[in-house]
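The next block holds one structure in the form of structure tokens; read it before the comments.
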Amino acid sequence: MPLLSAMTTPNSLLIVDDNADFVSACENFLTGNGFRVLKAFSGTQAVDLYAGNSESVDLAIVDLNMPELDGPTTISALRHHSPGLRVLAMSGAMLVPYFVQLNDLGVRHFLPKPFYFDGLLSSIQLAMH
């Protein structure tokens with residue numbers, strides 16, 4: 001039984017992280033809990049995928065430290081296509097250097113890595129409200 005069955009669950013999530021094993025683990029867990037998961041392994045791929053996706057995405061979960069486009073640049077580009085997109089920022093590095101930039105982008109939800117999957121679910125719920 002999905003852990004979020006009694007809660008309001010977003011239909012579709014976009015996970016953006018350059019670590020393919022991490023994305024795969026998150027995808028497996030989240031699809032098992034009723035989410036539809038789109039995945040991107042770089043900021044560039046996320047922007048291309050999002051711009052070409054005909055279905056809505058309820059929440060983007062974006063790693064902050066990635067090659068090509070970093071997290072804040074990726075979030076800015078995603079928000080260019082959809083200004084109201086909800087975002088959950090995550091990082092294995094210190095989040096402090098990103099706070100001003102993310103605040104300016106309207107990002108209010110952060111998840112430090114590593115995390116437990118129940119923490120991911122809680123963070124998704126918070127970001128959706």
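Among the residues of the stretch 107-129, count how many are hydrophobic (A, V, I, L, M, F, W, C) and part of a helix (DSSP H, G or I). Spell out how you get there, then give the answer.
Step one: filter the stretch 107-129 for residues hydrophobic (A, V, I, L, M, F, W, C), giving 107, 110-111, 115, 117, 120-121, 124, 126-128.
Adding the requirement that they be part of a helix (DSSP H, G or I) leaves 117, 120-121, 124, 126-127.
Adding up the residues that qualify gives 6.
For the structure I just gave you, tell me whether L69 is free of Cβ contacts under 8 Å to residues at least 60 places away in the same chain and either among the β-branched types (V, I, T) or touching a helix residue (DSSP H, G or I) at 6+ places or on another chain (Cβ under 6 Å) (or both).
Numbers: free of Cβ contacts under 8 Å to residues at least 60 places away in the same chain: yes; either among the β-branched types (V, I, T) or touching a helix residue (DSSP H, G or I) at 6+ places or on another chain (Cβ under 6 Å) (or both): yes.
When the stated conditions are applied, L69 passes them.
Across the stretch 88-118, which residue is surrounded by the fewest Cβ atoms within 10 Å (Cβ to Cβ) among those that are within 12 Å of the chain's Cα centre (by Cα) and over 21 Å from A20 (Cβ atoms)?
Here is the first cut: in the stretch 88-118, the residues within 12 Å of the chain's Cα centre (by Cα) are 88-91, 107, 109-111.
Filter again for over 21 Å from A20 (Cβ atoms), leaving 107, 109-110.
Numbers: V107: 23, H109: 19, F110: 17.
The qualifying residue surrounded by the fewest Cβ atoms within 10 Å (Cβ to Cβ) is F110.
For residues that are touching a residue at least 40 places away in the same chain (Cβ under 8 Å) and either surrounded by fewer than 15 Cβ atoms within 10 Å (Cβ to Cβ) or among the polar types (S, T, N, Q) (or both), tally how many sit in the stretch 72-87.
Adding up the residues that qualify gives 1.
Take the stretch 44-68 and flag every residue that is outside any loop (DSSP other than H, G, I, E, B) and within 20 Å of P114 (Cα to Cα). Step through it out loud before you land on a result.
We begin by selecting, within the stretch 44-68, every residue outside any loop (DSSP other than H, G, I, E, B); these are 44-51, 59-63.
Across the stretch 44-68, the qualifying residues are L59, A60, I61, V62, D63.
So P83 fits all but one of (1) under 25 Å from L49 (Cα atoms); (2) in a helix (DSSP H, G or I); (3) more than 14 Å from the chain's Cα centre (by Cα); what number is the exception?
Checking P83 against (1) under 25 Å from L49 (Cα atoms); (2) in a helix (DSSP H, G or I); (3) more than 14 Å from the chain's Cα centre (by Cα), the one that fails is (2).
What are the residues in the stretch 23-60 that are among the aromatic types (F, W, Y), farther than 20 Å from A77 by Cβ and buried (at least 17 other Cβ atoms within 10 Å of the Cβ), if any? Explain how you work it out, then say what you get.
Of all residues in the stretch 23-60, those among the aromatic types (F, W, Y) come to 29, 35, 41, 50.
Then drop every residue that is not farther than 20 Å from A77 by Cβ, which leaves 29, 35.
F35 - this is the single residue of the stretch 23-60 that is among the aromatic types (F, W, Y), farther than 20 Å from A77 by Cβ and buried (at least 17 other Cβ atoms within 10 Å of the Cβ).
From the list P97, P72, pick out the single residue that is out of contact with any strand residue (DSSP E or B) (no Cβ under 6 Å at 6 or more places or on another chain) and at pLDDT 85 or above. Before you say what the answer is, go through the steps one by one.
Numbers: P97 fails: at pLDDT 85 or above.
The match here is P72.
Can you list residue pairs whose Cβ atoms sit under 6 Å apart, with the first residue in the stretch 23-52 being on the phi > 0 side of the Ramachandran plot and the second being at pLDDT below 95 and surrounded by fewer than 16 Cβ atoms within 10 Å (Cβ to Cβ)? Count only pairs 6 or more apart in sequence or on different chains.
Close Cβ pairs (under 6 Å, with a partner that is at pLDDT below 95 and surrounded by fewer than 16 Cβ atoms within 10 Å (Cβ to Cβ)) amount to G34/P2.
Could you list, in sequence order, all residues of the stretch 88-114 that are hydrophobic (A, V, I, L, M, F, W, C) and touching a Lys or Arg at 6+ places or on another chain (Cβ under 8 Å)?
Applying the first criterion (hydrophobic (A, V, I, L, M, F, W, C)) to the stretch 88-114 yields 88-90, 93-96, 99-100, 102, 105, 107, 110-111.
Correct list: M90, L105.
The values are calculated or read from the model by the stated rules, or taken from the named source; none is laboratory data. These numbers come from a predicted model, not from an experiment. So basically every Cβ, Gly included, is an ideal-geometry build from the backbone, and we count neighbours across all protein chains shown.
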